[in-house]
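Right, one structure below, let's go through it.
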Amino acid sequence: MMVPCYILKLTMESLDKRVGRILGQMRGIQKMVKENRDCAEILQQVSAVKKAIDSLSKEIIFYYMDRSFEENKTKQLKDMIKRAIDL
């Protein structure tokens, strides 16, 4: 069963910017491959993209979990979620 990812407009804009940066990095990698650049340089950029995608995933997960709890839940619970995601 799919669960829709309802995202506030400000959060959506932030995520859209992140995705845009990731796409830009990917286009840069594509250009590096076409130019037959050094493998180490390409792999360094691939590593940066992987970290950016991991960061994006964490932000989406945190937002989803945060929205899943009622507003009256304690800050402690939200902090616990953040720590679990950062593992």
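FYI, it's all coordinate maths here, none of it is from the lab. Since we're looking at a predicted model, the values are computed, not measured. Every residue, glycine as well, gets a Cβ built from its backbone with ideal geometry; the counts of neighbours run over all protein chains shown.
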- Note on the structure: Diffing region 17-24: the Karplus 3J(HN,Hα) column from phi (6.51, -1.76, 1.60, θ = phi - 60°), in whole Hz with x for Gly and Pro, holds 5, 4, 4, x, 5, 4, 4, x
- Task: Quick one: what are the phi-derived ³J(HN,Hα) couplings along region 26-39, Karplus 6.51/-1.76/1.60 with θ = phi - 60°, whole Hz, x for glycine and proline?
- Result: 5, 4, x, 5, 4, 5, 4, 5, 4, 7, 6, 6, 4, 4
- First measure r as the distance between the Cβ atoms of Y64 and R27, then evaluate 1/(1 + (r/R0)^6) with R0 = 30 Å and state the FRET efficiency to the nearest 0.05. 0.60
